[in-house]
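Take a look at the structure set out below.
The values are calculated or read from the model by the stated rules, or taken from the named source; none is laboratory data. Bear in mind that the values here come from a model prediction, so they are computed numbers and not experimental data. When we count neighbours, we look across all protein chains shown, and the Cβ atoms used for this are built from the backbone with ideal geometry, even at glycine.
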Amino acid sequence: MQTYVFRLHPNQDLRNSIETWCFNHNLQGVAVVTCVGSLQHATLRMAGASETITQDGPFEILSLVGTWTPKGGHFHISLSDKEGQVWGGHLCPNSPIYTTAEIVLVDIGGHHPSRQHDPNTGYDEFVVGRPQLDIPR
C-alpha cells in the first residue's frame, strides 16, 4: 500500500487542495488516514441537510476521514473552536487553512473504487470494483 504525506499552507482550501493533489498525482482511489492543522473558517453540510453552513474560526482540525475517487470525494471533519466546543460534518469547499494542514493519504486504487448514483440515497456513493447496476444491501 502506497502512503502519501504532504502539507497545506495558509489560505489553501482544504477540500479542493486534497482533491487537486490526488488528481494531479493520477491516483484512482484514496483514503484519508489523518489530518491535523487548523482552518480560518469551515463550510460544512450537516446530516440530512441540503444547504451548507459557514462558521468563522479559527478551528483546530481534530480529525478528517474520507475517500476520494476521480469521480469525487466524501470527507467528514471534526473541529474545535477557541472554547473547545467540538462540531463537525461533511467538509465542503470554502474551508481555507489557517496555519497548516498535515495530511496522510493511502492509495486504495487497486480496489478500483468509483462513485455511482444510488437511487436509495440520491447521492453518488462509493462502489468498490466494477460499477454495478444494482447496489447490494
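Quick rundown of the values:
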| quantity | calculated |
| --- | --- |
| Options ALA47, ALA31: the member that is farther than 14 Å from THR99 by Cβ and modelled with pLDDT of 95 or more | ALA31 |
| Filter result for the condition that a residue is surrounded by 13 or more Cβ atoms within 10 Å (Cβ to Cβ), not aromatic (Phe, Trp, Tyr) and not in a strand (DSSP E or B), over ASN16, ASN11 | ASN16 |
| Residue, farthest from GLY89 (Cα to Cα), within region 42-66, restricted to residues that are part of a strand (DSSP E or B) and in contact with a Cys (Cβ under 7 Å, 6 or more places away or on another chain) | ILE61 |
| Meets criteria (closer than 19 Å to MET1 by Cα and loosely packed, with under 14 Cβ neighbours inside 10 Å) for GLY29 | no |
| Candidate set: region 87-111, residues that are modelled with pLDDT under 95 and not in a strand (DSSP E or B); chosen: the one nearest to VAL30 (Cα to Cα) | ILE108 |
| Conditions (1) surrounded by 19 or more Cβ atoms within 10 Å (Cβ to Cβ); (2) in a helix (DSSP H, G or I); (3) not β-branched (Val, Ile, Thr): number failed by CYS35 | (2) |
| Residue list for region 38-89, filter: closer than 20 Å to PHE126 by Cα, surrounded by fewer than 19 Cβ atoms within 10 Å (Cβ to Cβ), among the aliphatic types (A, V, I, L, M) and in contact (Cβ under 8 Å) with a residue 24 or more places away in the chain | MET46, ALA47, VAL65 |
| Long-range neighbours under 6 Å by Cβ, at least six apart or interchain, first residue more than 13 Å from LEU105 (Cα to Cα) within region 5-22, second surrounded by fewer than 17 Cβ atoms within 10 Å (Cβ to Cβ) and at pLDDT below 95 | none |
| Subset of region 97-115 [surrounded by fewer than 20 Cβ atoms within 10 Å (Cβ to Cβ) and not small (Gly, Ala, Ser)] | TYR98, THR99, THR100, GLU102, VAL104, VAL106, ASP107, ILE108, HIS111, HIS112, ARG115 |
| For CYS22: the one exception among (1) surrounded by 14 or more Cβ atoms within 10 Å (Cβ to Cβ); (2) out of contact with any Phe, Trp or Tyr (no Cβ under 6 Å at 6 or more places or on another chain) | (2) |
